[in-house]
1. Within the chain, which DSSP H helices have Cα atoms that stretch 24 Å or more along the helix axis and a mean Kyte-Doolittle hydropathy of at least 1.0?
2. Tell me, how many Å apart are the Cα centres for the range 1-54 and for the range 78-121?
3. Mind running the shape call on the range 101-312? Use the C-alpha gyration tensor, a ≥ b ≥ c as the square roots of the eigenvalues: rounded below 1.5 for a/c, prolate if a/b tops b/c, oblate otherwise.
4. Quick one: order Trp128, Trp209 by neighbouring beta-carbon count within 10 Å, fewest to most.
5. Please report how many Lys pairs in the range 101-312 have alpha carbons closer than 22 angstrom, counting only residues at least 8 apart along the chain or sitting on separate chains.
6. At what distance in nm do the modelled label points of Phe265 and Lys199 sit from each other, each positioned 7 Å from its Cα along Cα→Cβ?
7. If Lys and Arg each add +1 and Asp and Glu each add -1, what is the summed charge of the other residues whose beta carbon sits under 13 Å from the beta carbon of Leu115?
8. Quick check on the range 166-243: take the gyration tensor over C-alpha atoms, sort the square-rooted eigenvalues as a ≥ b ≥ c, and tell me if it's rounded (a/c under 1.5), prolate or oblate.
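Values in this text are rule-based calculations from the coordinates and carry no lab data. Small disclaimer: the values here were computed from a predicted structure and weren't measured. Neighbour counts run over all protein chains shown; Cβ positions are idealised from the backbone, glycine included.
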Amino acid sequence: MEQFAPLQSAKSTTRFFIFLSLLLLTTSFGGIIGNLLIKAVCSCEIPEDPTEFLKLATENPLMVAGINLSIIASQLLGFAMPALFFARLVNVDVADELGLENKTNLKSYVVAAVLIAAAIPIINFTHWLNMQIDFAAMWGEVGVQIKKFEEMNGQLTKLILPSDGNVGNLLYVIFLIGIIPGVCEELVFRGVFQKIFTKAFANKHVGVWAAAFVFSFAHFQFYGFLPRFILGAVLGYLYMYSRTLWVPILAHTVNNSLGVLFAYFNLDEGETINTDTLGTTAADWIWLTASVIITLGLFIVFKKSNKDNCEKTNEQPI
């Protein structure tokens, strides 16, 4: 029996709203399952007040374990599942629809990983710029609550990070914060959204930046909106030129994992290292300038590498 993809002929606008609805449904479901996992692991009620929630998480290690499981559930159910399901609705070949079947050369993966690391001062600088915006002054009480919520998320993240020198715990957190989101989020934002936007606007660059905007906005962290927006654009261009989702998946994983490693060694040494602020002060202008030059240079190398690869396979970058 011939397989059928019901949305194969659907317009980009239709695909967008169907996928957005599906995503809202599954993220809500993933959040519910995540809360149930936290309750089951720590055998306690989850406080509705963010301050009380943070206090309980600080005092109860089992709650942190529950939060870890909830992160996995939220990523798999809220991102991976709808992306895979939607891809099947528009294409019989799910892997082909999501760009998982396409291949590129080993050089592209290496360059993409180094490029993400080289861009750290740029990302830090855009984060510093973002922090200059006073959302409390702009939005009043809403802005105040946004800042409190993001500060709480930051403190929760610190609780998740390993600080006992245990390499096994470090690898687990890299899997939790690096690999799982690297795969699941790229399936959604580059695998689905970028493809929809590219077709809708008939412009690959608009597709990259529109998907980057949705990627950043979906995290609901406005004090980190700009750096995440830039990161999303970088990942989008890596996908656009390589034609395979595995490249942005690797780059996203490297970006998140480097954050875990930097924080891990910071906690392990009990000192503040410069990786989080590198490129944000006047004294760091050399680092920032070098980051811009190296990142742009690596982009040129990456683009040329994939052009050569596509010519060998009689294909062209997206």
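1. 12-42, 225-242
2. Each part reduced to its Cα centre gives a spacing of 21 Å.
3. Verdict is prolate for the range 101-312.
4. Fewest-to-most Cβ neighbours within 10 Å comes out as Trp128, Trp209.
5. Number of lysine pairs found: 23.
6. 4.4
7. That works out to +2.
8. In terms of gyration-tensor shape, prolate.
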